[in-house]
Amino acid sequence: MSPQPPPPPQSQAVNHPVNMIEVSRASKSFGNVVAVSDVSFQLNAGVTALLGPNGAGKSTLFRMLCGLTTPTAGTVKVLGRDARQDTPVRGKIGLSPQQDALFDRLTAYEFVEIAAKTHGVENPKTATNYALTLVDLDTETEKNVGSFSKGMRQRVKLAAALVNDPEILILDEPLSGLDPVQRNRMIELFHNLGSQGKCVLISSHILDEVTRIGSEVLVIAQGRLAASGDYRSLRTLMEDQPHVIQINTNGARELGAALLRKEIIDGVTIEDETLNITTTKIDLLGRSIASIARELDVSLIEVTPMDDDLESVFRYLIEGR
């Protein structure tokens with residue numbers, strides 16, 4: 001990313017004696033519809049991705065965090081306080097909603113400046129220029145946002161969320177509509193903000209985005225928190241499920257037969273010189289495959305885990321339970 005302007009004068013690192021976000025057994029119902037059910041987690045500075053399909057309850061959870069709606073049960077605290085009841089803490093939160101709710105007749109500058117004034121920012125013009133520059137938008141364009149592309153409109157919403165220099169950033173599908181270059185630049189911005197001590201929570205239903213947004217992941221499905229942690233470590237939740245490994249070798253039949261004979265793998269298919277194996281003994285396979293190949297005098301050209309990614313984790317956690 002190109003060099004960024006220095007942060008506004010009011011920006012400074014803050015040490016928090018409590019979790020920046022703390023959700024404890026929170027539920028939200030709308031009549032007979034349960035949107036969020038018994039969700040608990042804690043977050044501090046850094047970037048966390050909230051992964052889940054559309055309709056999983058991500059936006060409802062975000063609304064509770066921002067104080068826009070109250071939980072039916074449980075508690076939701078931001079910086080140790082209830083954002084629904086505590087007006088000052090709402091000023092420390094920046095929200096970029098999924099909904100495309102912009103005033104189309106305003107310029108980007110006018111829209112973001114209104115957000116600055118609404119938050120009571122000390123110098124709204126300076127803050128507006130800074131926020132627009134952060135998201136790579138022209139601070140002097142006279143075009144109204146109604147003429148902007150979807151990606152540009154997304155960045156206007158993001159600038160409005162940043163204009164008050166919040167400690168907590170809640171970003172609902174912020175990369176939707178951005179081109180690949182802008183996605184990369186915004187992801188880098190998110191990481192920069194997290195490293196500055198801000199708590200950045202970003203929702204997405206796109207698996208590739210989540211692997212790049214941050215290693216810390218919350219997985220939500222049907223209103224429930226299915227898993228949380230480093231997305232690679234989530235794979236350990238699937239240890240009773242067969243791993244799928246692809247092995248390129250010049251002795252596919254000999255190697256496949258040996259692995260079956262030694263009961264290291266559960267199944268195998270062969271395509272040309274490629275083995276596609278399944279195993280629940282991934283550690284044993286890793287320890288023994290090289291020595292077995294040497295005994296057989298065959299070469300291991302490439303060994304590739306085919307399911308050690310978020311897509312397989314997501315599929316198992318969401319569909320396999």
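Among the residues of region 288-318, count how many are modelled with pLDDT under 90, part of a helix (DSSP H, G or I) and either surrounded by fewer than 17 Cβ atoms within 10 Å (Cβ to Cβ) or touching a helix residue (DSSP H, G or I) at 6+ places or on another chain (Cβ under 8 Å) (or both).
So the answer is 8.
From the list V244, V217, pick out the single residue that is over 15 Å from the mean Cα position of the chain (by Cα), modelled with pLDDT under 95 and of a type in the set (V, I, T).
V244
Residues in region 156-171 that are under 13 Å from the mean Cα position of the chain (by Cα) and crowded, with 23+ Cβ neighbours inside 10 Å: how many?
2
So which of V89, V112, V76 ends up being among the β-branched types (V, I, T) and in a strand (DSSP E or B)?
After ruling out the rest, the residue left standing is V76.
Per-residue answers, yes or no, for (1) surrounded by 14 or more Cβ atoms within 10 Å (Cβ to Cβ); (2) at pLDDT 95 or above; (3) hydrophobic (A, V, I, L, M, F, W, C):
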{"position": "M1", "(1), (2), (3)": "no, no, yes"}
{"position": "P7", "(1), (2), (3)": "no, no, no"}
{"position": "L61", "(1), (2), (3)": "yes, yes, yes"}
{"position": "Q85", "(1), (2), (3)": "no, no, no"}
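What's the number of the condition I220 fails, among (1) free of Cβ contacts under 8 Å to residues at least 12 places away in the same chain; (2) under 25 Å from L95 (Cα atoms); (3) among the β-branched types (V, I, T)?
The single condition I220 does not satisfy is (1).
The values are calculated or read from the model by the stated rules, or taken from the named source; none is laboratory data. Just so you know, these numbers come straight off a predicted model, no measurement behind them. Don't worry about glycine lacking a Cβ; one is built from the backbone with ideal geometry, like all the others, and counts go over all protein chains shown.
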